[in-house]
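Scroll down for the structure; my scribbles are underneath it.
The values are calculated or read from the model by the stated rules, or taken from the named source; none is laboratory data. Computed from a predicted model, the values in this text were never measured in an experiment. When we count neighbours, we look across all protein chains shown, and the Cβ atoms used for this are built from the backbone with ideal geometry, even at glycine. Side chains included, ligands, DNA and RNA excluded: accessible areas come from the protein's heavy atoms. Shrake-Rupley method; radii C 1.70, N 1.55, O 1.52, S 1.80 Å.
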Amino acid sequence: MLSKNASFKSLIIKDIHEASDGTRKILFTLEDEMVVETVVIPFSQGRTTVCVSSQVGCAMNCQFCYTGRMGLRRHLSTAEIVEQAVFARRLFTSEFGSITNVVFMGMGEPFHNIENVIKAASIMVDEKGLQFSPRKVTVSTSGLVPQLKRFLRESNCALAVSLNATTDEVRNWIMPINRKYNLGLLLETLREELRFKHRYKVLFEYVMLAGINDSFEDARRLIEIVRGIPCKINLISFNPHSGSLFKPTPEEKMIEFRNILAEAGLVVFLRLSRGDDKMAACGQLGEPGDIQAPMLRVPEQFRMAV
């Protein structure tokens, strides 16, 4: 009965790349021959994170992200998402110890595939499933507001929001989804929804782009716009890739930016690159091919920066 009604494998390992820091990038071939990528990141403090993909490609076209160059090829099924974590455990537990954390930060916009992502996350935390702690499973979004509301009401997993700018002008350019759901709407929705969540903090991700979003005025604006939202902030080093217009903010400046936020009482972490020598780092996954999503026009005042 099982063999008639269920398949036991939706992913096939195509290749595994090892970066100099120990990070692994797994390439999986799907049943339709498309390829999806998963990253396993070991940390020295006994924590190992698997970064899973939710789509092949991505429709959001964030200008700093390599996956966005692909456009969207298709959504992943619930099984294809969960099995990435299953394979990570199977392949690397003996080497790294337990896989402790799951982040939905691989290829794709998780909330664009909300049905399958909510199901996958619930299987990951279920005691009859993969038994992860809900606090250790984090789903990231570029800011799809209706789906964000649904996620906060239906799931007890953690939420990360890719902010990456402190003004609509900059965010409209580097994250086109902002033209539909702008910063004001996104942040007000979080303020409203988090009133109903007990001891819950949203993680804001902020990829630092030299000369674009890394001024000390940006730091001060960031303090203001997240006021009243229980949150932590990750400052992420930009990982260059072919065809990228942007440059990473120097580490010294990232530290100064961090210090401004910390002095205002915000909980803030610096996230320097992991796996970037094997295109396994944040914003580097995928293979765009010949037909790519368009690069958007650079606003006048930023032309010198790129």
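Look at (1) open to solvent by less than 20 Å² (accessible area, probe 1.4 Å); (2) part of a loop (DSSP other than H, G, I, E, B) and you find that Phe87 fails only one, number (2). List the pairs whose first member sits in segment 245-261 and is part of a strand (DSSP E or B), whose second member is of a type outside the set (Asp, Glu) and open to solvent by 40 Å² or more (accessible area, probe 1.4 Å), and whose Cβ atoms are under 7 Å apart, counting only residues at least 6 apart or on separate chains? Partner pairs satisfying both residue conditions: Pro248/Pro240.
Any idea which residue in segment 195-228 is farthest from the chain's Cα centre (by Cα), counting only those that are open to solvent by less than 10 Å² (accessible area, probe 1.4 Å) and farther than 25 Å from Lys247 by Cβ? Checked segment 195-228; the qualifying residue farthest from the chain's Cα centre (by Cα) is Val226. For segment 36-50, the criterion of being over 27 Å from Gln131 (Cα atoms), open to solvent by less than 20 Å² (accessible area, probe 1.4 Å), of a type outside the set (A, V, I, L, M, F, W, C) and not in a loop (DSSP other than H, G, I, E, B) is satisfied by no residue at all. The residue list Phe104, Phe132 contains one member that is more than 24 Å from Cys65 (Cα to Cα), of a type in the set (Phe, Trp, Tyr) and open to solvent by less than 40 Å² (accessible area, probe 1.4 Å), which is Phe132.
Condition (residue is open to solvent by less than 30 Å² (accessible area, probe 1.4 Å), in a helix (DSSP H, G or I) and not hydroxyl-bearing (Ser, Thr, Tyr)) applied to segment 51-69: is it met by at least one residue? Within segment 51-69, one or more residues are open to solvent by less than 30 Å² (accessible area, probe 1.4 Å), in a helix (DSSP H, G or I) and not hydroxyl-bearing (Ser, Thr, Tyr). Does Cys58 qualify as being at pLDDT 95 or above and within 14 Å of the chain's Cα centre (by Cα)? Criteria met by Cys58. State yes or no: is His241 part of a loop (DSSP other than H, G, I, E, B), under 26 Å from Thr38 (Cα atoms) and open to solvent by 10 Å² or more (accessible area, probe 1.4 Å)? It is true that His241 is part of a loop (DSSP other than H, G, I, E, B), under 26 Å from Thr38 (Cα atoms) and open to solvent by 10 Å² or more (accessible area, probe 1.4 Å). Restricting segment 42-58 to residues that are aliphatic (A, V, I, L, M) and touching a Phe, Trp or Tyr at 6+ places or on another chain (Cβ under 9 Å) leaves a set whose member that is nearest to Ile99 (Cα to Cα) is Val50.
Touching a helix residue (DSSP H, G or I) at 6+ places or on another chain (Cβ under 6 Å), closer than 21 Å to Arg297 by Cα and among the aliphatic types (A, V, I, L, M) - does that describe any residue in segment 213-222? So far as segment 213-222 goes, no, none of its residues is touching a helix residue (DSSP H, G or I) at 6+ places or on another chain (Cβ under 6 Å), closer than 21 Å to Arg297 by Cα and among the aliphatic types (A, V, I, L, M). The set of residues in segment 7-28 that are assigned to a loop (DSSP other than H, G, I, E, B) and either within 18 Å of Phe43 (Cα to Cα) or touching a strand residue (DSSP E or B) at 6+ places or on another chain (Cβ under 7 Å) (or both) comprises Leu11, Ala19, Ser20, Asp21, Gly22, Thr23. Listed by first and then second residue, the pairs with beta-carbon distance under 7 Å, at least 6 apart or on different chains, first residue in segment 1-17 and open to solvent by 70 Å² or more (accessible area, probe 1.4 Å), second modelled with pLDDT of 95 or more and hydroxyl-bearing (Ser, Thr, Tyr), are Ile12/Thr29; Lys14/Thr29. Checking the stated criteria, Leu235 turns out not to satisfy the condition of being of a type outside the set (Val, Ile, Thr) and in contact (Cβ under 8 Å) with a residue 40 or more places away in the chain.
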